Amino acid sequence: MIQFVGHHYEGRKPAFVDDVTGLIVGPLFVVVELAFLLGMRHELKEQIEARVGGVRLRQKNAAT
């Protein structure tokens with residue numbers, strides 16, 4: 001619901017209006033990330049990270 005409010009405020013339509021795939025991919029991404037956090041589908045996570053690389057945390061700049 002917050003997404004729709006944000007899009008209304010921006011005056012832009014959601015991406016899935018033109019491409020229904022976005023309507024499927026967004027929630028699927030959240031579900032898969034949750035599964036990874038719960039320790040599920042470890043093989044899949046390894047395959048993805050082997051192909052695109054793992055997540056790297058950025059170091060905060062000491063000047064800021």
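FYI, it's all coordinate maths here, none of it is from the lab. What you are looking at is a predicted structure, and each value in this text was computed from that prediction instead of being measured.
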Sum of -39500 (n - 2.57) over DSSP H runs of 4+, divided by residues of the chain (222 nm, nearest 500):
-18000 deg cm²/dmol
Step through the residues of segment 34-41 one at a time and calculate ³J(HN,Hα) from phi using the Karplus curve (6.51 cos²θ - 1.76 cosθ + 1.60, θ = phi - 60°), rounding each to whole Hz and writing x for Gly and Pro.
5, 4, 4, 5, 7, x, 8, 6
Debye log10 I(q)/I(0) for the chain, one point scatterer per Cα, at q = 0.11, 0.28 Å⁻¹:
-0.48, -1.13
